[in-house]
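Quick notes on the structure that follows.
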Amino acid sequence: MKKIIFLLAFVLNGVAMMSQPLNRPTYAMMISMAEEQMEKLDYYRALEWYEKAYEESKDRELAILMADLNYMLRDYRDAERWYSRALRKTKRDKDVPEEKRFEYARVLKMQGKYDEAIEEFDRYLKTATDPVRKELAELEKVGCEFGKVARPQEGINVLHAGKEVNTKNSEYSAWLMNSNKEMYFAGFGTDDLIVIEEDNADEVPTKILKSTMGEKGWSEPTPLDESVNRPGFHNVNVSLSPDEKRMFFNREILKGNVLVESKIFMCESSGGAWRPAVEIESLNGNYIAKSPCVGELFGNEVLFFVSNMEGGQGGYDLYYATYKGNGQYGDPVNLGPKMNTVGDEDTPFYRDGILYFSSNGHPGIGGYDIFMSTWNGVMWSKPANMSLPYNSPADDLYFMLDKEGYHGFLTSNRISEGARSLKSKTSTDDIFNVILKKIVADLAASTFDLETKDPLNGVTVELIEVKDGVSKTIDSKTNGSGNNFEFPLELDKSYMIIASAENYDNDTITFNTVGLFDSKTFNQKLELKPGRITKKIVRNEPFVLENILYDFDDDKILPPAEGDLQVIYDLMTQYGDMVIELSSHTDARGPDEYNRQLSQRRAESARRWLTRKGVDRTRIEAKGYGESQPKTVDAKTNKKYPWLEVGQVLTEDFINSLLPDSTKFEDAHRLNRRTEFKIISGPTSITIEEEQLIQIGNRKVDGSEPPKQQQPKEEAKPNNNRKPVPSNRNRRGNGGDSLPPQLLQLEKMTAAQGDSIVIHPMSSLYGKKDLKGLPIMQFDVREFDMGKVKKGEVREYTFTYTNVGEVDLEIDLVSVCECTEKEYSPSVVKPGEKGWIKVIFDSNKAEPDSDGSDVDIYLRNIDPEIDAPIFERVRYTYELVN
């Protein structure tokens, strides 16, 4: 027997065309023939026989059956006609199967008849008992309300790709490559009816096709060879890796209109051709796995895909698996209830931290709508409907954008000019171009003297992005010979520009590029008021904190120092991306190692003051240099001490040469005893008032009168009967100094008693009150100091921990830097059991100025409070030496 079909989108539905004329059969024969075709999953031929039988009997059950078949074949107009006829024949809703009222409402919605659809969903909900469909019905009503007010977004065009690409059959999963010069997609590549016979079944299935862009548009598509398009399978759902060296796709098997098998395959490019495809066995199983797409999570490559495997939220769910190299992937991970619904999710596409996908479970204006969700490094944002014109009342899937983000494709069965079909206007899918208007924004700033109105040269202008109250310096320019500045801008950003010059007050202007529909140059005039004496601090230039003083042989922060630290705190708040080094220096009196340890403790004390006020510890590097970096005299020091020449280095030999002038001798030693800060990343420069630190340092933070100023004292000179006081880190053995004293004490109590749990600040569980139902990694050591490591050495250390939580602890990912390799076992740790993570440090691969590395641990366990994986961190430190 022959079957004449054309391709539909979701499961490549085969639909048979009209059979040859027959002598008029009896009603029983018609029903028998229809049921026979149903058993063969040949729904269109069955529909033909049912329609003939209905003309004989006017049976309402047949009308419902034909409505169902048309709904399955996505002929919404005929489905509405038959549902309406069937439901109109009953006087009471309870005589109608409740699910038919639901399907009738969906058919109305997918034709944009939102008010009628809401009415039918309400009628369905009066008698509904299926909890899943009840939930879906409520979501569908929300989608209808959204559809009633949705308006097309400006600057976005969704246009039919034309008959060069689209045929009367279905085409879908289009993917741009080779700088948009080539396109891959799946389809038959012909307008002809497809005749399936027993002897040519291998030739009929869908193939992955390639088309090339020429002067007249896309060329006639040609199928890839059998290394990709394997006979006997539908070869579909194509996507490429970002470097276009790997292609992912599905090989599928259908029975009639039903997808019964779908597996993920990958092939690599070699010499301009694709090698034979290989199955990604770790992602396939006794379930459907489809729609693969490469993305990134936690700094690692992952493969997003769709599956109906057990344990999901609904029908088809979104999953990801981490790429381990050499074609191997980790276990599939469900994206969770925020992304997945009781309905179906499909066709994921990842670009620049955003996951696009289609869903019929989130509230939408059609059947499948396209949604987007942003990854912030820890969790996904709530999926947002992309609205019109990306979406329509019909089905919209396979959204993708090119590398620039201004051209892409989607697949839809929407009614559109140019669309053709072998049945109804919505039965088959076509490829649509997505074209975003390229909007360019830039800044043209000019600087002037506020009083004279003359152009002001030698000004530094900083461009700063402001997001959620945090500032990040994007660029900084100084124009010594002019007063004009130009900066490129990104769209949908909030900005601040700061103009600064020595002996002028800063001028600041804020603006944003949100909601632009056309290109725009932001012309900004910055006017600086003369008179303020300022100090510009540039990156890697040390700035002395005048008032950070300490008692003799002590590292505690004294009240006069809090003013300077408050200024640093304010600067850290203003410049949210600024990372600084806080360094402490001693004079040359006393043993070298003791002075180094003392200066390190003092630098760490200053850091702790800032971290307790909320500054992230990773933004402050505390360095104790001891006596190793004597001060170099600058102009400011020369002005105060004219007997010191600019550029003079205050070495021990130089200071000793000042004797017998004890005053100069002590002043020089005092100048070496100092605390400095310098910017090591973030803004290239900042401007502050040169005297600001001194002024603030001379009063209490609360504004009251200052205490009597304490004079700096020389460093301790330990006698032979007293050992130098060790640093905080050495006191704790292999611990760290990142914990406040209260938590240090609790940690000691825990270790001694074993009857309490302390959550370390380097855990995402830190600060949580309710830890029930969560795994808890309690490390024996969180921070380990490897000591001095010679360049070329390889060191290793094993962090051990106990799961002191109530449930199994499952490690999903351990992330380390390039200079570190890691091993861990086991991946699942039961409550009360131990695990370990081994780090292997290769000093050859370490950055020259580095002094430590973080080891980030992501668990499969989800913190329900934030709907994100639990995160833990350990750290090792070292001192690189030659």
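Here is a list of conditions, (1) outside any loop (DSSP other than H, G, I, E, B); (2) out of contact with any Leu (no Cβ under 6 Å at 6 or more places or on another chain); (3) of a type in the set (A, V, I, L, M, F, W, C), and Phe399 meets all of them except one; can you say which number that is?
(2)
I'd like to check something: does the stretch 383-401 contain any residue that is among the charged types (D, E, K, R) and at pLDDT below 95?
No.
Quick check on Asn540: is it without any contact (Cβ under 8 Å) to a residue 40 or more places away in the chain, touching a Lys or Arg at 6+ places or on another chain (Cβ under 7 Å) and either farther than 25 Å from Asp634 by Cβ or open to solvent by 30 Å² or more (accessible area, probe 1.4 Å) (or both)?
no
Taking Ser471 as the residue in question, decide whether it is open to solvent by less than 20 Å² (accessible area, probe 1.4 Å) and within 23 Å of Ser681 (Cα to Cα).
Criteria met by Ser471.
What's the total number of residues in the stretch 348-376 that are open to solvent by less than 30 Å² (accessible area, probe 1.4 Å) and either assigned to a strand (DSSP E or B) or free of Cβ contacts under 8 Å to residues at least 60 places away in the same chain (or both)?
14
Among the listed residues Ser270, Ser241, Ser282, Ser262, which satisfies the condition of being within 22 Å of Glu171 (Cβ to Cβ) and of a type in the set (Ser, Thr, Tyr)?
After ruling out the rest, the residue left standing is Ser262.
Which is open to solvent by less than 10 Å² (accessible area, probe 1.4 Å) and either within 20 Å of Ile688 (Cα to Cα) or hydrophobic (A, V, I, L, M, F, W, C) (or both), of Ser500, Ser427, Ser412?
Of Ser500, Ser427, Ser412, the one residue that is open to solvent by less than 10 Å² (accessible area, probe 1.4 Å) and either within 20 Å of Ile688 (Cα to Cα) or hydrophobic (A, V, I, L, M, F, W, C) (or both) is Ser500.
Counting only residues that are more than 18 Å from Val544 (Cβ to Cβ) and either in a helix (DSSP H, G or I) or out of contact with any Asp or Glu (no Cβ under 6 Å at 6 or more places or on another chain) (or both), how many does the stretch 579-590 have?
So the count comes out to 1.
Taking the condition surrounded by fewer than 21 Cβ atoms within 10 Å (Cβ to Cβ), out of contact with any Lys or Arg (no Cβ under 6 Å at 6 or more places or on another chain), in contact (Cβ under 8 Å) with a residue 12 or more places away in the chain and under 24 Å from Ser424 (Cα atoms), does Lys109 pass?
Spelling it out, it is not the case that Lys109 is surrounded by fewer than 21 Cβ atoms within 10 Å (Cβ to Cβ), out of contact with any Lys or Arg (no Cβ under 6 Å at 6 or more places or on another chain), in contact (Cβ under 8 Å) with a residue 12 or more places away in the chain and under 24 Å from Ser424 (Cα atoms).
Suppose we keep only residues that are closer than 19 Å to Arg133 by Cα, outside any strand (DSSP E or B) and touching an Asp or Glu at 6+ places or on another chain (Cβ under 8 Å) within the stretch 310-331. Which one would you say is modelled with the lowest pLDDT?
Applying the filter and picking the extreme gives Gly314.
Given the conditions (1) in contact with a strand residue (DSSP E or B) (Cβ under 6 Å, 6 or more places away or on another chain); (2) touching a residue at least 40 places away in the same chain (Cβ under 8 Å); (3) open to solvent by 10 Å² or more (accessible area, probe 1.4 Å), which single one is not true for Asn334?
The single condition Asn334 does not satisfy is (2).
Regarding the stretch 639-658, can at least one residue be identified that is open to solvent by 20 Å² or more (accessible area, probe 1.4 Å) and within 41 Å of the chain's Cα centre (by Cα)?
no
Having 2 or more residues that are closer than 30 Å to Lys472 by Cβ and not hydrophobic (A, V, I, L, M, F, W, C) is the bar; report the helices (runs of 4 or more DSSP H) wholly within the stretch 591-689 that clear it.
Correct list: 592-612.
In this structure, is Glu783 charged (D, E, K, R), under 30 Å from Val378 (Cβ atoms), within 27 Å of the chain's Cα centre (by Cα) and at pLDDT 85 or above?
The answer is no for Glu783.
Within the stretch 429-449, which residues are over 41 Å from the mean Cα position of the chain (by Cα) and either of a type in the set (Asp, Glu) or over 15 Å from Asn483 (Cβ atoms) (or both)?
Asp449
Residues of the stretch 235-272 being more than 24 Å from the chain's Cα centre (by Cα) and without any contact (Cβ under 8 Å) to a residue 40 or more places away in the chain, which ones?
Passing the criteria: Arg251, Ile253, Val260, Glu261, Ser262, Lys263, Phe265, Glu268, Ser269, Ser270, Gly271, Gly272.
Residues that are over 28 Å from Asn433 (Cβ atoms), in contact with a strand residue (DSSP E or B) (Cβ under 7 Å, 6 or more places away or on another chain) and of a type outside the set (Phe, Trp, Tyr): find the helices (runs of 4 or more DSSP H) completely inside the stretch 82-167 holding 2 or more of those.
none
Which of (1) more than 26 Å from the chain's Cα centre (by Cα); (2) among the aliphatic types (A, V, I, L, M); (3) within 21 Å of Ile757 (Cβ to Cβ) does Leu859 not meet, given it meets every other one?
(1)
Would you list the strands (runs of 3 or more DSSP E) that sit entirely within the stretch 450-539 and hold 1 or more residues that are over 36 Å from the mean Cα position of the chain (by Cα), over 30 Å from Glu154 (Cβ atoms) and not hydrophobic (A, V, I, L, M, F, W, C)?
470-479, 484-489, 520-528, 534-538
Mind checking whether some residue in the stretch 288-309 is closer than 24 Å to Asp812 by Cβ, free of Cβ contacts under 8 Å to residues at least 24 places away in the same chain and either among the small types (Gly, Ala, Ser) or open to solvent by 40 Å² or more (accessible area, probe 1.4 Å) (or both)?
For the stretch 288-309, residues closer than 24 Å to Asp812 by Cβ, free of Cβ contacts under 8 Å to residues at least 24 places away in the same chain and either among the small types (Gly, Ala, Ser) or open to solvent by 40 Å² or more (accessible area, probe 1.4 Å) (or both): present.
Quick one: is Asp78 without any contact (Cβ under 8 Å) to a residue 12 or more places away in the chain and open to solvent by 10 Å² or more (accessible area, probe 1.4 Å)?
no
State whether one or more residues within the stretch 646-659 are polar (S, T, N, Q) and touching a Pro at 6+ places or on another chain (Cβ under 6 Å).
Yes, because at least one residue in the stretch 646-659 is polar (S, T, N, Q) and touching a Pro at 6+ places or on another chain (Cβ under 6 Å).
If you take the residues of the stretch 853-870 that are open to solvent by 50 Å² or more (accessible area, probe 1.4 Å) and not charged (D, E, K, R), which of them is modelled with the highest pLDDT?
Result: Ile862.
Does Glu220 satisfy the criteria of being closer than 24 Å to Ser412 by Cβ, open to solvent by 10 Å² or more (accessible area, probe 1.4 Å) and either part of a loop (DSSP other than H, G, I, E, B) or at pLDDT below 95 (or both)?
yes
Looking at the stretch 617-627, is at least one residue surrounded by fewer than 19 Cβ atoms within 10 Å (Cβ to Cβ) and out of contact with any Asp or Glu (no Cβ under 9 Å at 6 or more places or on another chain)?
yes
Which of (1) part of a strand (DSSP E or B); (2) at pLDDT below 95; (3) within 26 Å of Leu136 (Cα to Cα) does Ile435 not meet, given it meets every other one?
(3)
The values are calculated or read from the model by the stated rules, or taken from the named source; none is laboratory data. No experiment lies behind these values; they were computed from the predicted model shown. Virtual Cβ from ideal backbone geometry, glycine too; neighbours counted across all protein chains shown. For accessibility, only protein heavy atoms count, side chains too; no ligands or nucleic acids. Shrake-Rupley method; radii C 1.70, N 1.55, O 1.52, S 1.80 Å.
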